[in-house]
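Please treat every number below as a calculation from the coordinates, not as lab data. Worth saying up front: this structure is predicted, and the values here are computed from it rather than measured. Here Cβ is always computed from backbone atoms with ideal geometry, including for glycine, and neighbour counts include all displayed protein chains.
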Amino acid sequence: MRERFTLIRTCLLTLLLAGCASSMSVFDQYAYTQVTSVKVDALNVIDLGTEDYAKHKQEADAVQTQMQKAYEYEKNRPKNPITAEMWRNMLDTNGKLYGGFVRFWRKQNAAGKSLNSAFIEDERKQIGEAFDQIAQLESNKIKK
Amino acid sequence: MGNIDFQQIFATLKSGVIDLAQKTGKEYADQATEDGKRILETMKEDLALWAQQLKNGQITPEELEFLLGTKEAVMKMVALKQAGLAQIQIDKFKDGLTSLITQTLSAVI
């Protein structure tokens, strides 16, 4: 009798624990599509980095706006602080990802310097990898 | 309810939980190891490339400094992804545990 009670209690407790809501948001097709789409647009802007920033400010700003929208979407999804933090890093103009790159481009041009093509190629590869981390996290989320 | 072998149920559950934990842990460990190896490899290649590019005048010292900062930022993104993947594995384990208990009990009761 005691064993039976212990088993039922253990199972109920375990089911209660296991049944607790997931600690992480589930997979969201829109979020995944958004990151892969913004990645393409952002890398296209980075490719323009050897030219004058002023000439491409509009394209650079448009991507920044797309990314802000993505950040707002992710920030308001429940149990999604990690993905939101990743987007915040991408946007941060004091950082070294997309937001930081655009700022560096603008400042270098303002100082009369243009960016080298080798730098653009290296930077493109790295920022692409940063976008991939967001996409990979999303694609690994539980699909329900 | 007829005669139920509780020791047997415990043993089945215990073995199932161990299998589930090993499988879940292995999936995560494999992904993390793969990421770690790839980061080290690309870091080595990138540093050598950038040093050469700087020497050849293909990039400026300011650009090199920015590239190093970006490398650090990418590593932070990888760490965030790994933290997220670890949480996902816990969720998968919890889902698996629910199924395991339900199936084990359904089979004997």
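Only one residue of A:HIS56, B:ALA107, A:PHE131 has its Cα farthest out toward the positive end of the dipole of the protein assembly as shown, where Lys and Arg carry +1 and Asp and Glu -1 on Cβ, and that residue is B:ALA107. When the Cα gyration tensor is reduced to axis lengths a ≥ b ≥ c, the ratio a/c is 1.5 or higher for chain A, and with a/b above b/c it is classed as prolate. Dipole magnitude for the protein assembly as shown: about 860 debye, using +1 per Lys or Arg Cβ and -1 per Asp or Glu Cβ, origin at the Cα centre. Across B:GLY69, B:GLY16, B:GLY36, mean-square fluctuation computed from a Gaussian network of chain B (C-alpha pairs under 10 Å connected) peaks at B:GLY69. The distance separating the Cα centre of region A:81-144 from that of region B:16-56 comes to 20 Å.
Here chain B is treated with +1 on each Lys and Arg Cβ and -1 on each Asp and Glu Cβ, and its dipole about the Cα centre works out to around 260 debye.
Among the listed pairs A:LYS39/B:LYS71; A:LYS79/A:LYS125; B:LYS23/B:LYS94; A:LYS125/B:LYS44; A:LYS39/B:LYS37, those whose Cα-Cα separation exceeds 19 Å are A:LYS79/A:LYS125; A:LYS39/B:LYS37. Scalar couplings 3J(HN,Hα) for region A:130-144, obtained by applying the Karplus form with A = 6.51, B = -1.76, C = 1.60 to θ = phi - 60°, are 5, 4, 4, 5, 5, 5, 5, 5, 4, 5, 8, 5, 5, 9, 10 Hz; x denotes Gly and Pro. Which of rounded, prolate, oblate describes the protein assembly as shown, given a ≥ b ≥ c as roots of the alpha-carbon gyration tensor eigenvalues and a/c under 1.5 marking rounded, otherwise prolate only if a/b is larger than b/c? Prolate, because a/c is 1.5 or more and a/b exceeds b/c. Computed from backbone phi with θ = phi - 60° and the Karplus coefficients 6.51, -1.76 and 1.60, the 3J(HN,Hα) list for region B:87-94 is 5, 5, 4, 5, 4, 5, 4, 4 Hz; x is used for glycine and proline. Think of it as helices only: each DSSP H run of n ≥ 4 in chain B is worth -39500 (n - 2.57), and spread over all residues that comes to -33500 deg cm²/dmol at 222 nm. Taking chain A as a Gaussian network of alpha-carbon nodes connected by springs under 10 Å, the highest mean-square fluctuation of the residues A:PHE119, A:PHE27, A:PHE104 belongs to A:PHE119.
In a simple Cβ point-charge model (Lys, Arg +1; Asp, Glu -1; nothing else charged), region A:93-144 has a dipole of about 240 debye relative to its Cα centre.
With point charges of +1 on the Cβ of Lys and Arg and -1 on the Cβ of Asp and Glu, referenced to the Cα centre of region B:43-87, which listed residue (B:LEU67, B:GLY57, B:ALA83) lies farthest in the positive direction of the dipole? The one lying farthest along the dipole's positive direction is B:ALA83. In the protein assembly as shown, taking the dipole from charged Cβ atoms about the Cα centre, the farthest positive-side position among A:VAL40, A:MET86, B:ILE9 is held by B:ILE9.
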